[in-house]
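Peer 1: The structure is given below, and queries will be raised subsequently.
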């Protein structure tokens, strides 16, 4: 079995996927046409040409412009179904989808429109491919805590349909400590908690996310390598890191994939997972991230199985649901 086939055969969970970031240019233009939305680009080719990002903010500017094409419940359903079809082909058995309601409610789109479309796609993916899923509401950290609290208020009638909350968008200048009250309320509500930290922000943001927000996983976390005490803590406490290698290169966190520190983190005993982040913009879905990272860093198939196991263990699902996945993973020869 070649590497590509081996990676696709690995039962794996995707734990760091922004569903809006799976909006391919072709679908973006299709939805814009359907909804009568004018885009900043005049063709699919021109859109792809704009995918030369210098940092996180240059990506976010394009990301928010493209999201304007998402208007109807059907749009969110179509978006998520396109992702799930690719995820199924990549061997994903469970996906935890981030969604950004503030991106849409600020444009006058109802919270329920977004949630209804995504939830319907989750049910369809389970029926069609057996993929289980969870929805994680992410708050935009470049906005105020008050804005986040207002979004949480909108979510309250739907909490049975939302499994966790996260924190994303521009990291620089927006530390986790900015959102103490918001995440304290989320903890009171019994929601799972994750947060982006240590991508462009310093290791101190990872510490804040752990100690102040009470996160269960760190999204990205690659800058933990700059702090030996933090590395030891993450290894000791087995806090999962949802690392996104191709994204990190595309956004210039690392200049080349061969320079990525994923293997360093793995060798230090950290619970590393591989994910695709915003795959339409960053050049690859989850299997491509596994394959390219394995080749660039010389990861063995044993290490790839360990990374896949980490993703299953770090997922927000009951142990009984994970067990068949572990059995499939253990049965896969290296």
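The values are calculated or read from the model by the stated rules, or taken from the named source; none is laboratory data. Only a predicted model underlies this, so the values are computations on that prediction, with no experimental measurement involved. We place every Cβ from the backbone using ideal geometry, glycine too, and count neighbours over all the protein chains shown.
Peer 1: Among the numbered criteria (1) assigned to a loop (DSSP other than H, G, I, E, B); (2) out of contact with any strand residue (DSSP E or B) (no Cβ under 7 Å at 6 or more places or on another chain); (3) within 24 Å of residue 315 (Cβ to Cβ), which single criterion is violated by residue 174?
Peer 2: In the conditions (1) assigned to a loop (DSSP other than H, G, I, E, B); (2) out of contact with any strand residue (DSSP E or B) (no Cβ under 7 Å at 6 or more places or on another chain); (3) within 24 Å of residue 315 (Cβ to Cβ), residue 174 misses (3) alone.
Peer 1: Another question, if that's okay. Whether any residue in region 266-277 is surrounded by 24 or more Cβ atoms within 10 Å (Cβ to Cβ) and either assigned to a helix (DSSP H, G or I) or at pLDDT below 95 (or both) is what I want to check.
Peer 2: For region 266-277, residues surrounded by 24 or more Cβ atoms within 10 Å (Cβ to Cβ) and either assigned to a helix (DSSP H, G or I) or at pLDDT below 95 (or both): absent.
Peer 1: If you take the residues in region 314-334 that are in a helix (DSSP H, G or I) and touching a helix residue (DSSP H, G or I) at 6+ places or on another chain (Cβ under 7 Å), which one is farthest from residue 293 (Cα to Cα)?
Peer 2: 322
Condition check ((1) surrounded by 16 or more Cβ atoms within 10 Å (Cβ to Cβ); (2) touching a residue at least 60 places away in the same chain (Cβ under 8 Å)) across all residues:
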site	(1), (2)
116	yes, no
124	no, no
128	no, no
137	yes, no
140	yes, no
172	no, yes
175	yes, no
190	no, no
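Peer 1: Any chance you could count how many residues in region 1-18 are surrounded by 24 or more Cβ atoms within 10 Å (Cβ to Cβ) and in a helix (DSSP H, G or I)?
Peer 2: 1
Peer 1: Looking for whichever is farther than 26 Å from residue 206 by Cβ and modelled with pLDDT under 95 here; the options are 65, 110. Which one fits?
Peer 2: 65
Peer 1: Of the conditions (1) touching a residue at least 12 places away in the same chain (Cβ under 8 Å); (2) more than 17 Å from residue 292 (Cα to Cα); (3) surrounded by fewer than 18 Cβ atoms within 10 Å (Cβ to Cβ), residue 232 satisfies every one except a single condition; which number is it?
Peer 2: Only one criterion is unmet by residue 232, namely (1).
Peer 1: In this structure, is residue 299 in contact (Cβ under 8 Å) with a residue 24 or more places away in the chain, in contact with a strand residue (DSSP E or B) (Cβ under 6 Å, 6 or more places away or on another chain) and either on the phi < 0 side of the Ramachandran plot or in a helix (DSSP H, G or I) (or both)?
Peer 2: Against the criterion (in contact (Cβ under 8 Å) with a residue 24 or more places away in the chain, in contact with a strand residue (DSSP E or B) (Cβ under 6 Å, 6 or more places away or on another chain) and either on the phi < 0 side of the Ramachandran plot or in a helix (DSSP H, G or I) (or both)), residue 299 does not qualify.
Peer 1: Look through 86, 74 and report the one residue that is out of contact with any strand residue (DSSP E or B) (no Cβ under 9 Å at 6 or more places or on another chain) and either surrounded by 15 or more Cβ atoms within 10 Å (Cβ to Cβ) or closer than 23 Å to residue 286 by Cα (or both).
Peer 2: Going through 86, 74 in turn, just one is out of contact with any strand residue (DSSP E or B) (no Cβ under 9 Å at 6 or more places or on another chain) and either surrounded by 15 or more Cβ atoms within 10 Å (Cβ to Cβ) or closer than 23 Å to residue 286 by Cα (or both): 74.
Peer 1: While we're looking at this one, here's another question. Considering only region 91-132, state which residues are in contact with a strand residue (DSSP E or B) (Cβ under 8 Å, 6 or more places away or on another chain) and under 30 Å from residue 175 (Cβ atoms).
Peer 2: If the condition is that a residue be in contact with a strand residue (DSSP E or B) (Cβ under 8 Å, 6 or more places away or on another chain) and under 30 Å from residue 175 (Cβ atoms), then 95, 96, 97, 98, 99, 100, 101, 102, 103, 114, 115, 118 are the ones that fit.
Peer 1: Only residues that are closer than 22 Å to residue 56 by Cα and in a loop (DSSP other than H, G, I, E, B): list them for region 108-147, please.
Peer 2: 141, 142, 143, 144
Peer 1: Testing residue 267 on (1) at negative phi; (2) touching a residue at least 24 places away in the same chain (Cβ under 8 Å); (3) out of contact with any strand residue (DSSP E or B) (no Cβ under 9 Å at 6 or more places or on another chain), one condition comes back false. Which one is that?
Peer 2: Unmet condition: (2).
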